[in-house]
Amino acid sequence: MIRAVIVMNDQGKPRLVKFYDYQPVEKQQELIRTIYGVLCSRAENLSNFIQADSIFGPDARLVYKTYATLYFVFIFDSSENELAMLDLVQVFVEILDKCFSNVCELDIVFNFNKVHTILDEIILGGQVLETSSSEVVKAVEEISKLDRASNGSMLVPKSISGWTSR
Amino acid sequence: MSSQGGFGQSKEFLDLVKSIGEARSKAEEDRIVLREVETLKRRIAEPEIPKRKLKEYILRLVYVEMLGHDASFGYIHAVKMTHDESLLLKRTGYLAVTLFLNEDHDLIILIVNTIQKDLKSDNYLVVCAALNAVCKLINEETIPAVLPQVVELLGHPKEAVRKKAVMALHRFYQRSSSSVTHLISNFRKKLCDNDPGVMGATLCPLFDLITIDVNSYKDLVVSFVNILKQVAERRLPKSYDYHQMPAPFIQIKLLKILSVLGNGDKQASEQMYTVLGDSMRKCDSTSNIGNAVLYECICCVSSLHPNPKLIESAADAISKFLKSDSHNLKYMGIDALGRLIKISPEIAEKHQLAVIDCLEDPDDTLKRKTFELLYKMTKSSNVEVIVDRMIDYMISINDNHYKTEIASRCVELGEQFAPSNQWFIQTMNKVFEHAGDLVNIKVAHNLMRLIAEGFGEDDDTADSQLRSSAVESYLRIIGEPKLPSAFLQVICWVLGEYGTADGRYSPSYITGKLCDVAEAHSSDDMVKAYAVTALMKIYSFEIAAGRKVEMLPECQSLIEEVSASHSTDLQQRAYELQAVIGLNAHAVGNIMPLDASCEDIEIDKSLSFLDNYVQQALEKGAQPYIPESERSGVLNISNFRSQDQHEASIHALRFEAYELPKPSLPSRTTPVTLASSTELVPVPEPSYPREVHQAASVPSLTDTGSSDLKLRLDGVQKKWGRSTYSSAPSTSNSDSHRTGNGATPDVVASVNSKAREVSYASRRSQVEISPEKQKLAASLFGGTTKPEKKQSSSGHKVSKTNSHATDKSHGAKGAISSETHAVSTTTLQPPPDLLDLGEPIITSNAPSVDPFKQLEGLLDLTQDTSVVNSGAAGATKAPDIMSLYAEMPTSGQSDSVANPLSSDIYDATLISGLSNATNRTSHGGNTIMQPTQLSKGPNPKGSLEKDALVRQLGVNPSSQNPNLFKDLLG
């Protein structure tokens, strides 16, 4: 089971925090700080895995991957395969990239609700729900289509044309 | 529209994010966020806010809470928003509540109704949103409210809904298996769903179910095998392919399930061999995901009933992992090796050198994994090397959590496999010295017990040798600063018990040392208590042997100081000591017999030896004892004749037997027995002794026992050991009962006799044969065998031989020659220079001998300036930006102000960012170029537009904190 998904930047600022077991806000912050401390202390070219039992209790592992200024961190237990989790991070980021075309940290900051939507299509209740990126993108697109229809306003940032033509 | 920025959020929100990004300290950030909280509090309570605004407020609340601030004032608004008709608002509401609330929150009850309604909605997106919420928010009590709908949704025409319904049901099962047991068959049905996504999702609950109860699912073996076969044959839709692998995530889940089903089941295993072999062969070992599947195959093979052919190919795959330059793969290789050696121990030998490399790797994760492997393969033949290594590593790390784990593993391995007691004691000394405060106190007691009991055989000379060497090693260590308390306790106990036993050290020397310890750790009452008791033992041994005791002046002052201590425990020990010294040799010998810590202590529960005494007292007119139960609440103080100690003890003490203490609980000495039996058991925390000792010592040492009927004795009973309560009444007629100065009777033989048989010396000589690493390898993997052959099989590793290997002894005649021989073999095979990072290899498809080496090349990003932000910044600009990034951590701010245009760089795409020279994506060497990237690449136009927008919005990244906008794209 996946325990948590955390996206934070290299300053330690959380950009997306999702715990699949409820954690009180203070605890969340403490965990994020601890994880950030651990990630910072890791040199480059090491493995992407950390045994996180001292942070998350027995059996917890952590996989992280850096994309530009962002750390993508998945925390899970022994019922998942570390390498596969690493690829799931990749899947997640690829989907983000598809949905935001050329995703950057700004996109994630300002549209974290949409990022949550995407994540919810991939992982539900701590289990991997869907791993096909095209399926996820399809689902997310349908949601945003409806959102847009129901709201009439822009959810997606890429509607830059609307902005510039104003 | 005017308030809305291009990111779908208002200018206010942009400003908030921006100012937080620019905050220079946590305090400043907190101030900003608190201001935002105040604003939101005010705004959100305003009547008639437009819904769109409200939605934004809710999202801002989520943001605030993500930063660690309390947003609970807005929870109710989020809950209200879930009731909204509009899907957008509803989804926002659901998102917020799933993030804000836990399943037991009071507000959940307000949502359940909405969820029920939404689950019935015609719009499948509404249903999906509700199912998402169900997974997070429904607890055991509310399951019945939504269960029927969820089950119904398993048959929903939309696969997205079915998938989520399966997950919701799974979640219910996790929360409360009893409420859905009758529905478990649904999971089996969903396995045959037409949609591969639903099937894949169903594997999650099935995996859980099968793990819990394998036997009920054996019939599914065939189905799973078939599914895996079809997946491997690419029967699933193309969209499930990932990096040219057919549905790898589903394969992995299937393999996990098969390994559970086939574990220890020959028949089931046989059904799986073929498909497993096929899967293994088809794995693309050049991609990360291919290796993930391969690793899962190995796990599966090592869990099934052994099949030689599969084991062989698993071993091959492992050796590929271990030889890889990717730390990730090495890690997986070590893990896989740990699994495979369970069924095929001999393959470890083949990889010994790779394992040793991993042990010396700078990557801590890998090191820890390797220690785990070593822990699994420890036997009596290699325990010394492994434990030595573990201890070295334990000393080198600061992480207390892991330190504790390693320390306890050392102890465990030591106890299980120790080749000799001497080794065990030395090892324990090291463990205590460096992690004494972290290990369980029981370990200290085991060690004391071991020293006290010796070999457990009738070999007294060996025993006394053991003790002498323990004493000697402790005298050497004792002066060192910062020894952990538990270790000092052991030291004091051993010195007291055996310090003078072999006559090598004079009592005054030992007592002097003990005083030093007590003085140096004057704040640690526990250590002082041990030291005082040890002093007492040494003096009693002297008195019993008929020698005259001369107390060192420092001892005297110590005793004086301690007898005025705030700790009654210490006080008591001091008084005991003074009392014992005043007695004659015979009495002392009875109280404190030499080397009797292991003697069983006989307990006369009925205190029959006092019968005479009681009889006499009664004849003299004393009142008979009235059990507490029959006593009235009033104290009869007139009973108490305080002038006579003997009398006092009759009247003041409770004579019914104290409750029998649990053996592991600490026993307490009483002043009268002066038994020093306490050390082997945990000494109670300082809060207890006060009570204990009032109860015990008042009647005998002071003459004011009248109060002790009032004492609360319940705590005392728990704390008192056997010797105490039996001997407490025996007090003044002290020689009636002999108490050993020993410990808990529940003595356990501590050292594995099998381990002991192994000759220490013989192993040693084996170890010397080859160079150090070879030696280490041999000692780890038990090989006296063919060092040269091993050498050549993986020679390039040996060339890196380093001095970490434990170099225990030199000088065996044969050793030198074979050593030189081995070295020459090595030089013939220099390390293949695959790891040349200077070569910029960009595509991962280029044919190469070793794909991982090649990937490593990917990481050499300095050579590769091609992709990055080429569109956004002019070609001339690029180097500037590069340098800017390089300097970012230190002087980035001024630089970026100077280059306002540098914001272009922030818009390079995330994935192309992989190749940026200064970014940090190079972890692990698995950063394969993605198909997406190849097709898309950076989108200069979009980037420019985005950047323009950003600047228009006034959040120009070139202002205070460029890092905020450095963003995903490097």
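The values are calculated or read from the model by the stated rules, or taken from the named source; none is laboratory data. Values in this document were obtained by computation on a predicted structure and should not be read as measured data. Glycine also receives a Cβ, built like all others from the backbone with ideal geometry; neighbour counts cover every protein chain displayed.
Counting only helices (runs of 4 or more DSSP H) wholly contained in the range B:17-118, the ones carrying 1 or more residues that are at the interface with chain A (Cβ under 9 Å from one of its Cβ atoms) and farther than 25 Å from A:ASN9 by Cα occupy B:51-66, B:87-100.
Determine if the range B:560-579 includes at least one residue that is outside any helix (DSSP H, G or I), out of contact with any Cys (no Cβ under 7 Å at 6 or more places or on another chain) and either touching a residue at least 60 places away in the same chain (Cβ under 8 Å) or basic (Lys, Arg) (or both). If you could, list the steps in order and put the result at the bottom.
Within the range B:560-579, the first condition is being outside any helix (DSSP H, G or I), and the residues that meet it are B:564-567.
Still in the running and out of contact with any Cys (no Cβ under 7 Å at 6 or more places or on another chain): B:564-567.
So of that shortlist, the ones also either touching a residue at least 60 places away in the same chain (Cβ under 8 Å) or basic (Lys, Arg) (or both) come out as B:567.
Checked against the condition, which is being outside any helix (DSSP H, G or I), out of contact with any Cys (no Cβ under 7 Å at 6 or more places or on another chain) and either touching a residue at least 60 places away in the same chain (Cβ under 8 Å) or basic (Lys, Arg) (or both), the range B:560-579 yields at least one hit.
Right, B:TRP423: at pLDDT 80 or above, under 26 Å from B:HIS521 (Cβ atoms) and crowded, with 16+ Cβ neighbours inside 10 Å or not? The answer is no for B:TRP423.
Just for the range B:221-248: of the residues that are of a type in the set (D, E, K, R) and assigned to a helix (DSSP H, G or I), which one is nearest to B:GLU270 (Cα to Cα)? Spell out the reasoning first.
First, pick out the residues of the range B:221-248 that are of a type in the set (D, E, K, R): B:229, B:233-235, B:238, B:241.
Now narrow it down to the ones that are assigned to a helix (DSSP H, G or I): B:229, B:238.
Values: B:LYS229: 15, B:LYS238: 30 Å.
Per the criteria, the residue is B:LYS229.
For every residue, the table says whether it meets (1) away from chain A (no Cβ under 14 Å); (2) of a type in the set (Phe, Trp, Tyr); (3) crowded, with 24+ Cβ neighbours inside 10 Å; (4) more than 28 Å from the chain's Cα centre (by Cα).
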| position | (1), (2), (3), (4) |
| --- | --- |
| B:GLN244 | no, no, no, yes |
| B:ASN291 | no, no, yes, no |
| B:LYS320 | no, no, no, yes |
| B:LEU329 | no, no, yes, no |
| B:GLY333 | no, no, yes, no |
| B:LYS350 | yes, no, no, yes |
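Table: residues versus (1) crowded, with 23+ Cβ neighbours inside 10 Å; (2) modelled with pLDDT of 90 or more.
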{"residue": "B:LEU89", "(1), (2)": "no, no"}
{"residue": "B:TYR94", "(1), (2)": "yes, yes"}
{"residue": "B:ASP104", "(1), (2)": "no, no"}
{"residue": "B:LEU107", "(1), (2)": "no, no"}
{"residue": "B:GLN116", "(1), (2)": "no, yes"}
{"residue": "B:CYS128", "(1), (2)": "yes, yes"}
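Against the numbered list (1) under 19 Å from A:THR117 (Cα atoms); (2) of a type in the set (D, E, K, R); (3) more than 11 Å from every other protein chain (Cβ to nearest Cβ), B:GLU140 comes up short only at (1).
Screening A:PHE110 on (1) facing chain B (nearest Cβ under 8 Å); (2) closer than 18 Å to A:ASP10 by Cα; (3) surrounded by 23 or more Cβ atoms within 10 Å (Cβ to Cβ) shows it passes everything except condition (3).
So if I check each of B:ALA268, B:ALA247, which one is more than 25 Å from A:GLU82 (Cβ to Cβ) and among the aliphatic types (A, V, I, L, M)? Full working, then the answer.
Values: B:ALA247 fails: more than 25 Å from A:GLU82 (Cβ to Cβ).
Selected residue: B:ALA268, the only one of B:ALA268, B:ALA247 that is more than 25 Å from A:GLU82 (Cβ to Cβ) and among the aliphatic types (A, V, I, L, M).
Entry remark, the range A:49-61: residues being farther than 13 Å from B:LYS369 by Cα and at the interface with chain B (Cβ under 7 Å from one of its Cβ atoms) number 1 in total. Within the range B:264-298, being acidic (Asp, Glu) and within 21 Å of A:LYS65 (Cβ to Cβ) holds for B:ASP284, B:GLU296.
Name every residue in the range B:211-253 that is of a type in the set (D, E, K, R) and free of Cβ contacts under 8 Å to residues at least 12 places away in the same chain, in order of residue number.
First, pick out the residues of the range B:211-253 that are of a type in the set (D, E, K, R): B:213, B:218-219, B:229, B:233-235, B:238, B:241, B:253.
Listed by number, the residues that qualify are B:ASP213, B:ASP219, B:ARG235, B:LYS238, B:ASP241.
State yes or no: is A:ASP10 within 17 Å of the chain's Cα centre (by Cα), without any contact (Cβ under 8 Å) to a residue 12 or more places away in the chain and either crowded, with 20+ Cβ neighbours inside 10 Å or within 29 Å of B:ASP325 (Cβ to Cβ) (or both)? Taking the combined requirement at face value, the residue does not satisfy it. Take A:LYS13 and decide whether it is at the interface with chain B (Cβ under 8 Å from one of its Cβ atoms), over 21 Å from B:PRO248 (Cβ atoms), of a type in the set (Lys, Arg) and touching a Leu at 6+ places or on another chain (Cβ under 7 Å). The answer is no for A:LYS13.
Picking from B:LEU254, B:LEU258, which residue would you name as being over 17 Å from A:LEU83 (Cα atoms), more than 9 Å from chain A (Cβ to nearest Cβ), buried (at least 23 other Cβ atoms within 10 Å of the Cβ) and in contact with a helix residue (DSSP H, G or I) (Cβ under 6 Å, 6 or more places away or on another chain)? Give the derivation first.
Values: B:LEU254 fails: over 17 Å from A:LEU83 (Cα atoms).
Exactly one residue qualifies, and that residue is B:LEU258.
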